[in-house]
Amino acid sequence: MDGKRFGRHGGQYVPETLMNALGELEQAYDEARMDPAFQAELTALSKDYAGRPSLLYFAANMTKDLGGARIYLKREDLNHTGSHKINNVLGQVLLAKRMGKKRVIAETGAGQHGVATATAAALFGMECSVYMGAEDVERQALNVFRMRLLGSEVHSVTSGTATLKDAVNEAMREWTKRVQDTFYVLGSVMGPAPYPRMVRDFQRIIGEEIKTQLMELEGKLPDAVLACVGGGSNAMGAFHAFIPDKSVRLIGVEAAGDGVDTDRHAATITKGTVGIFHGMKSYFLQDDEGQITPVYSISAGLDYPGIGPEHAWLHDEGRAEYVSATDKEAVDAFCYLSRMEGIIPAIESAHAVAHARKIAPEMPEDSVLVVNLSGRGDKDVYQIARYMGVDVHEG
Amino acid sequence: MKDDRNQYASSGRIAEAFEKRKKQGRKALITFVTAGDPDLAATERIVQAMIAEGADLVELGIPYSDPIAEGPVIQAANERALKHGIRMAHVFALADRVRAVTNTPLVLLLYVNVIVQYGADRFFSDCRTSGLDGVIVPDLPYEERGEIEEDAKRHGIALIRMVSPVSDDRIRMVAKGAEGFLYCVSSLGVTGVRAQFDTDFDAFFKSIDAARDIPTALGFGISDGAQVRAVKRYADGVIVGSAMVRTISEAKNPEEAVARAIAFTRELRSALDD
């Protein structure tokens, strides 16, 4: 692999105008990666500003209730800005600074990546524009206000399905327009090379910490690591350090929306086919003539018709498993974790919790299951209340 | 008749079109229309009208769900066309009907995923059968051309390459071995009309002309006769897309859309010829 491909997936399928910019980014990243001063600055920021390492918390109540595997929660929700997104953003914004860029742009779905980017831009005194689907602006109004509070512009994207995919389209268009002075802070392990590799490297710390922390707590590797998957950055961050450890099951949980047998879901690997979109070859939900099909999930962060190319490769290789959880299962898990452990998870992360509830009881009592709790649920409380309100009416 | 028209090497039709204008001491006019906007029958009439009014090559835009290289005007045209359920079979049938009455080169503008899902071999075979001459694929840069290049070559369909004002040292690489014509992107950003251009065309075309051995055409943002006059000296042809799509979209009915396409093509042709 040349760093641009993961098996048959990945690549750089972008307009000519972006090709030199991607080349410069790749070169700058590879120099920064090998530069101890860059790594030291990133480590210091991650510790002093973002609050790393995040806790690995033994969920005693959940473990007792489910009666199987010992369950640990990797508390990425406790990071500054409330999710794993800050790990990648600090890396990319430091790189932008190193490249002399004064303006950053980002796409966002649930708003967590947008908030993290707006935060880092504020810290480094950079201009920041965030592109967000109009539908997500509606369902994540609190995060929109947070971004504006941090000094960012938020552009509501009304084209197409007005969700994450369209926000990516618009961010890519904007980057084409101002490629010379703008750094595109892509939020997941997706898009054209070198983004999937670079974002994975910045998120890899999640799995590295899990490994170290669990060695201290249990003296062994986990039996399984669970994470939700939209584009796939928190999952890739949690999985990557364990890829060589073949005994560790890696399980990605996609958003099944109303169910994978309906036309309202976002389960890309479960139901998708190989195609080329957003600069990469990977699995996508599309029709037989390559039109990207509308996707649906209660979770704005998982509401995406594709998946990062390294996940597609892990799937092809059989190294990771990809399953799904419905809206209802995710909302149930959202409420379950809130009451059981006093932790309100992001509705995205609740998809992983939902799958933990399915498999933990079937695992031996001395086994260890780690759930990556990628974000906190404050942003979702209003929407979940509405969802539950509808349930009451229907009942 | 089909066998006859396939005797032309397809990029031969493109070369002939530029050659013809060169002999006249004129520049080629390339116009763009989104297939199925306002409807397929209108598109067919618009294409024929543009050719009758002096377009030397016509680009047919295949409507796509996520056209990342397009500005708002062509995005909206794509959305309207997709609502009509436009599929590749319709476009090939349309090209077939147009080819039956004209020798003017026709190329498709589309996104790579459409070709890949259709199956590249079958796609370019159908292109040849329908008398199409080339494809422009804005999300397929030089480095990724292997995705479809062999299949296109096998069926004699030109894979049109693009260079942009920030291509710099890539221009030489991209121009070498390019087919049909070299698509020179006027400025940064997506398609759409521009009030003015910031690009240093003298420097841009100095690099291009040193590297190219096929005709050049300048596109992206050229919106009226005055702009055509201002930029025509740089390339062998000019491409007008969004401005054409916009004037068509402002029509109240297909009849008026055709009339508008005729009037606008006439304006562009006379700006090239005076």
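Of all residues in the stretch A:34-92, those that are at positive phi and touching a Lys or Arg at 6+ places or on another chain (Cβ under 9 Å) total 2. Among the conditions (1) more than 9 Å from every other protein chain (Cβ to nearest Cβ); (2) in contact with a helix residue (DSSP H, G or I) (Cβ under 8 Å, 6 or more places away or on another chain); (3) surrounded by 24 or more Cβ atoms within 10 Å (Cβ to Cβ), B:I160 misses just one, which is (2). Of everything listed in (1) of a type in the set (D, E); (2) surrounded by fewer than 20 Cβ atoms within 10 Å (Cβ to Cβ); (3) within 7 Å of another protein chain (Cβ to nearest Cβ), the single unmet condition for B:D169 is (3).
Take the stretch B:122-147 and flag every residue that is within 14 Å of chain A (Cβ to nearest Cβ) and among the charged types (D, E, K, R). Those that are within 14 Å of chain A (Cβ to nearest Cβ) and among the charged types (D, E, K, R): B:R122, B:D126, B:D139, B:E143, B:E144, B:R145, B:E147. Taken together, the residues in the stretch A:243-262 that are surrounded by fewer than 24 Cβ atoms within 10 Å (Cβ to Cβ) and out of contact with any Phe, Trp or Tyr (no Cβ under 8 Å at 6 or more places or on another chain) amount to 10.
Of the set (1) surrounded by fewer than 21 Cβ atoms within 10 Å (Cβ to Cβ); (2) within 14 Å of chain B (Cβ to nearest Cβ), all apply to A:L164 but (1).
With respect to the conditions (1) closer than 28 Å to A:N169 by Cβ; (2) without any contact (Cβ under 8 Å) to a residue 24 or more places away in the chain; (3) out of contact with any strand residue (DSSP E or B) (no Cβ under 6 Å at 6 or more places or on another chain), B:A69 falls short on a single one, namely (2). Exactly one residue out of A:E216, A:E209 is more than 30 Å from B:G192 (Cβ to Cβ) and without any contact (Cβ under 8 Å) to a residue 12 or more places away in the chain: that is A:E216. Looking at the stretch A:144-155, which of its residues are closer than 13 Å to A:E107 by Cβ and either among the basic types (K, R) or in a helix (DSSP H, G or I) (or both)? Hit for the stretch A:144-155 is A:M147, nothing else. Are there any pairs with C-beta distances below 9 angstrom linking a residue in the stretch A:267-281 that is modelled with pLDDT of 95 or more to a residue that is buried (at least 24 other Cβ atoms within 10 Å of the Cβ) and of a type in the set (K, R), with the two at least 6 apart or on different chains, and if so which? Filtered contacts from the stretch A:267-281: A:V274/A:K281; A:G275/A:K281; A:F277/A:K165; A:H278/A:K165. Of the residues A:M215, A:M172, A:M190, the single one that is aliphatic (A, V, I, L, M) and surrounded by fewer than 22 Cβ atoms within 10 Å (Cβ to Cβ) is A:M215. Within the span defined as the stretch A:101-113, every residue fails to be on the phi < 0 side of the Ramachandran plot, touching a residue at least 24 places away in the same chain (Cβ under 8 Å), β-branched (V, I, T) and out of contact with any Asp or Glu (no Cβ under 8 Å at 6 or more places or on another chain).
Just give me the residues in the stretch A:1-19 being touching a residue at least 24 places away in the same chain (Cβ under 8 Å) and over 14 Å from A:K177 (Cα atoms), in sequence order.
Those that are touching a residue at least 24 places away in the same chain (Cβ under 8 Å) and over 14 Å from A:K177 (Cα atoms): A:G3, A:K4, A:R5, A:F6, A:G7, A:R8, A:H9, A:G10, A:G11, A:Q12, A:Y13.
Looking at this structure, is B:V190 of a type in the set (A, V, I, L, M), within 13 Å of the chain's Cα centre (by Cα), within 11 Å of chain A (Cβ to nearest Cβ) and buried (at least 22 other Cβ atoms within 10 Å of the Cβ)? In short, no. The residues of the stretch A:7-22 that are under 22 Å from A:E310 (Cα atoms) and out of contact with any strand residue (DSSP E or B) (no Cβ under 9 Å at 6 or more places or on another chain) amount to a single one, A:G7. Within the stretch A:244-292, if we keep just the residues that are within 24 Å of B:V91 (Cα to Cα) and in a loop (DSSP other than H, G, I, E, B), the residue that is farthest from the other protein chains (Cβ to nearest Cβ) turns out to be A:L285. Screening A:K177 against (1) under 19 Å from A:G7 (Cα atoms); (2) modelled with pLDDT under 95 leaves a single unmet condition, (1).
Looking at A:H155, is it surrounded by fewer than 24 Cβ atoms within 10 Å (Cβ to Cβ) and either among the small types (G, A, S) or modelled with pLDDT of 95 or more (or both)? Yes: the conditions hold for A:H155. Within the stretch A:297-330, restricting attention to residues that are part of a helix (DSSP H, G or I) and not charged (D, E, K, R), the residue that is nearest to A:D263 (Cα to Cα) is A:A330. Sub-9 Å Cβ pairs linking a first residue in the stretch A:338-351 that is closer than 10 Å to A:M62 by Cβ to a second residue that is part of a loop (DSSP other than H, G, I, E, B), at least 6 apart or interchain, are A:M340/A:A59; A:E341/A:A59; A:I343/A:A59; A:I343/A:G377, ordered by first then second residue.
Of all the listed residues (A:V323, A:V295), the sole one being farther than 30 Å from A:M19 by Cα and either crowded, with 18+ Cβ neighbours inside 10 Å or within 14 Å of chain B (Cβ to nearest Cβ) (or both) is A:V323. Checking B:A81, B:A35 one by one, the residue that is touching a His at 6+ places or on another chain (Cβ under 9 Å), closer than 30 Å to A:G11 by Cα and surrounded by 22 or more Cβ atoms within 10 Å (Cβ to Cβ) is B:A35 and no other. Of all the listed residues (B:A226, B:A257), the sole one being buried (at least 20 other Cβ atoms within 10 Å of the Cβ) and more than 27 Å from A:Y13 (Cα to Cα) is B:A257. A:V185 meets the conditions (1) over 18 Å from A:V93 (Cα atoms); (2) away from chain B (no Cβ under 14 Å); (3) crowded, with 24+ Cβ neighbours inside 10 Å in every case but one. The failed one is (1). The set of residues in the stretch B:167-187 being assigned to a helix (DSSP H, G or I) and within 21 Å of the chain's Cα centre (by Cα) consists of B:I171, B:V174, B:A175. Taking the criterion of being part of a strand (DSSP E or B) and either closer than 22 Å to A:D366 by Cα or within 14 Å of chain B (Cβ to nearest Cβ) (or both), the residues of the stretch A:223-243 that qualify are A:A224, A:V225, A:L226, A:A227.
Counting only helices (runs of 4 or more DSSP H) that sit completely within the stretch B:45-120, those holding 3 or more residues that are at the interface with chain A (Cβ under 9 Å from one of its Cβ atoms) and farther than 25 Å from B:V193 by Cα correspond to B:112-118.
The values are calculated or read from the model by the stated rules, or taken from the named source; none is laboratory data. Since this is a predicted model, take the numbers as computed values, not measurements. Here Cβ is always computed from backbone atoms with ideal geometry, including for glycine, and neighbour counts include all displayed protein chains.
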